[in-house]
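Just below is one structure, and these are the notes that go with it.
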Amino acid sequence: MEKHVYELVCGLLARDVDVQIVCEDRSHLPDPVNGLAGRIIGLPPESLDQEEPMPMDRWVPLYEEKSRRFAEMLDPSSFDIIHSHSHYGRDIALRLSAMDHRPALINTFHLTPVGQLERFRALGLPAPEGAPIDRAVSDMEATAARLSDRSIAVSHGVQREVCTYYGVPDERVPVIYNWYDPGNFDVHLRPEARDKLALDPHAPYLLYIGHFKQHRGKLMAEAMRRLPPEVRLLVIHPEGDPEIAAEFGGRILFCGYQTPEQLGLYYAAADLQCFPTVYSGFGLVLVEGMACGCPPVVFNYSAMNEIVTSDSGYIADEPTAAAYADAIRRALQDGGAKCHAAVERSRRFRMDRQIDRVVDLYREVLVQETRPIRETRSVPRLIKQQRAEGVVHD
């Protein structure tokens, strides 16, 4: 199951909250050992049959089918709270809205697809390849958000998007940041980390988690072209990139997939973490790296500028490769001056602290009388109206 959900469930169980789970059974991401297996209600695997690669016109029907299956597998009378995630909560929200007496409904939004589309449009960037899917998913998310008792946003940026684009009152959209697990991500001495990873003890190393196909990866490659040849880039991703490898040679090291324990060593070994994206709902890798003493380099957009301060990292004001490369050069000249501040800043996002806030929210909604939230305008009409008014753009 998804990492955030797994950690949340473990935290809830540790706080004496009884939990059952409906999740995907994705054969390409198996869980060889899952300590929560006995609590999984499950999802019929035939609903996940899909072609590889998936044609664009099949994604939305698949999402809609999963949402229906999730709702069908639940007996609402068995629960005090149902906690869903983004568009997969649509059908359970519709089902609960027709009930006179129902459990409380909470939905978490880690980002919004329409938020990314708007950011790209504002910056004059081409819409992502999956933009038609994103627009359809936004309609599903709007339904889930407007019918939920609370919609958790993982940053203030996501909160603004849920309120603006989905028409949800801000008092129903609390912000509870994502988190990192200090059991996996903690400070390691850089020389020791480099020794364990067989890295040059003196070379300047950057760390990048991702691939080079989308906008942030292309920007990362362009920034590397502008940096001195001695600067090396560690890339964490299951797949390599032959074209990038051919161009940069030994300057870029493809490290493959890493377990959380090993990833902590890579964070500690690097001088800086590169996160050259112009849109992110939160930026989990940022707080993981900061917890290990690796200051990040980011652009001045939410949620990056909510996580990273000028004391704990480096912020490029212009969303260009030139500005990003300049920020990296300045950061390398600092010689690790912000490592300690990065660790201190990360502690605001510790897992135990954030899960406590989720439990507090559960208590808040349980003391209120739960009833269907009646729509004053249909969600599809709301989205169409916002697009006509220019709030949401096709």
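Brief remarks on what is shown
- Boolean, GLU344 is surrounded by fewer than 24 Cβ atoms within 10 Å (Cβ to Cβ), in a helix (DSSP H, G or I) and among the charged types (D, E, K, R): yes
- Qualifying residue in the stretch 122-135 (condition: on the phi > 0 side of the Ramachandran plot and of a type outside the set (D, E, K, R)): yes
- For the stretch 114-173, filtered to residues that are farther than 30 Å from GLU364 by Cα and charged (D, E, K, R), the residue that is surrounded by the fewest Cβ atoms within 10 Å (Cβ to Cβ) is GLU129.
- When the residues of the stretch 332-341 are filtered to those that are part of a helix (DSSP H, G or I) and in contact with a Gly (Cβ under 8 Å, 6 or more places away or on another chain), the one that is surrounded by the fewest Cβ atoms within 10 Å (Cβ to Cβ) is HIS340.
- Residues satisfying the criterion are present in the stretch 125-136 (criterion: of a type in the set (Asp, Glu) and within 16 Å of the chain's Cα centre (by Cα)).
- Picking from residues in the stretch 180-196 that are over 26 Å from VAL5 (Cα atoms) and crowded, with 17+ Cβ neighbours inside 10 Å, the one that is modelled with the lowest pLDDT is HIS188.
- Residue pairs meeting the criteria (Cβ under 7 Å; at least 6 apart or on separate chains; first within 21 Å of GLN258 (Cβ to Cβ), in the stretch 202-230; second among the acidic types (Asp, Glu)): ALA203/GLU230; PRO204/GLU230; PRO204/ASP271; TYR205/ASP271; LEU206/ASP271; HIS211/GLU239; HIS211/ASP241; PHE212/ASP241
- Qualifying residue in the stretch 189-205 (condition: aliphatic (A, V, I, L, M) and part of a helix (DSSP H, G or I)): yes
- Pair list, Cβ under 7 Å, 6 or more apart: the stretch 237-248 residue outside the structural domain of GLY217 (by TED's automatic domain parsing), other residue surrounded by 13 or more Cβ atoms within 10 Å (Cβ to Cβ) and of a type outside the set (Asp, Glu): none
- Residues located in the stretch 216-229, provided they are in a helix (DSSP H, G or I) and either of a type in the set (D, E, K, R) or at pLDDT below 95 (or both): ARG216, LYS218, GLU222, ARG225
- Boolean, ASP80 is on the phi < 0 side of the Ramachandran plot and touching a Pro at 6+ places or on another chain (Cβ under 9 Å): yes
The values are calculated or read from the model by the stated rules, or taken from the named source; none is laboratory data. This is a predicted model, so every value here is computed, not measured. Positions of Cβ are generated from backbone atoms using ideal geometry, with glycine treated the same way; all protein chains shown enter the neighbour counts.
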